[in-house]
Amino acid sequence: MSNSDLIALVAGVVTLVGAVITALQYRRSNPKSRISADVRAAPIVNKLGQGSGWDKLVVQHSGNVVQNPYVLIVTLESTGRADIQSSRFDAGKPLILECGAPIIALLSDDPEADLGRVNPAGLFRAEGDNVLFGPALLKKGRPAQTTVLLDGRPKWAWNDRNLIDVKIQPGRGRDAVGFLRGHFSLGTIAAIATVGALLVAVATFALQFFGPQLGIGSRSVPPPVQTRLDGTYPQAGCSVDAITLKSIPIARASEPSPFALVTVLHSPGCETSWVHVSNQLSGTTVTKYIERGPAEGLPSVSFTSPDITGDVQATPEAKNSFTPQVYAPGCVLVRVEFTDATGIRLGEVPLQPVC
């Protein structure tokens, strides 16, 4: 880095600090209430899996068949400077989410709760094809959430005509300015920003002149925060919107009927991929491998998961096994091997890319 580059970097940091302070001053003189409204949709039955038994799966609610089941996960959070008071609802009328598909029920994570037209917390209720919220107090830092069961693909839209001076922001979470402003005074933020700018300038100067001597002049860029999902399991939430990237039946040469199905799955919401195996041979060792190669600035990562299939006759769930998931906006490499108790290979999926 040349001296001119260093000066440009410092000037950029100072400019950024000035912009942050200006934005904070503007927000301070123009206070607004805001609700971040996040809606996530996913089909309960993955249509891409038809032909492998999925077409025989039937979803029922209260004894009635749901022909085209979808779930909406609706989350509301106050991300402005203050709580959203119930007085912000004009004439006691609610905020409306128009779902664009028939609502079957509002669901709950509580197995003891009654599933119907009102969620257990009492904040949401269903009316026709609409989900209604409020009037109610929506406190900062305490999101309100409900899960909606629909019969049909949703085409949702927010109707906020009943809110008074409250902005609806699609998506989840508060911006950085709102977070800082809610926790620190303007003077404190300005002081932190100024000290931060000076530290950046000093660190840049030190690395420029002393980095090569210390061997620290060229470190790689740290990975994005999304890679925190590497090594976790999709059942924690990413599986709700999973789609099938590839399905591979496995059969022995002597028996043409498949004894196992290897499926590579991907979550568009989490941008993660993983391997699922359904194996009908009890006592088989299923060794699964998934890898994200170095691409788009991400470090490479891989996981190998050997599992012994239990007694699938006594415990049908024993046929299922998974790899951990990896954050993978692009392709992954997968390999799966099936061996019996003596180590003889019964079948495999050779190493191959799946996108």
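Around L163, which amide H atoms from residues at least 5 apart in sequence, or from another chain, sit under 5 Å from its own amide H, with H modelled in the peptide plane?
Here the answer is D90, since their amide H atoms fall under 5 Å of that of L163.
Highest mean first, how do 89-97, 249-257, 273-281 rank when packing is the count of other Cβ atoms within 10 Å averaged over residues?
Sorting 89-97, 249-257, 273-281 by mean packing, highest first, produces 273-281, 89-97, 249-257.
Along the positive direction of the dipole of segment 274-355 (beta-carbon charges: Lys, Arg +1; Asp, Glu -1; about the Cα centre), which of S321, A295, P353 reaches farthest?
Checked the options; the winner is A295.
Shape of segment 258-310 from its Cα gyration tensor (a ≥ b ≥ c, root eigenvalues): rounded if a/c is under 1.5, otherwise prolate when a/b > b/c, or oblate?
Since a/c reaches 1.5 and a/b is larger than b/c, the shape of segment 258-310 is classed as prolate.
At q = 0.13 Å⁻¹, what log₁₀ I(q)/I(0) does a Debye calculation on the Cα points of segment 240-355 give, no solvent, two decimals?
Values, matching the q order: -0.50.
Between V58 and D165, with labels modelled 7 Å along Cα→Cβ, what's the label distance in nm to one decimal, could you check?
Each label point lies 7 Å from its Cα, and together they span 5.6 nm.
Throughout, read-outs are computed from the coordinates displayed, never taken from laboratory work. Please read all numbers here as calculations on a predicted model, not as lab measurements. A quick note on method: Cβ atoms are made from the backbone with ideal geometry, for glycine too, and the neighbour counts reach across all protein chains shown.
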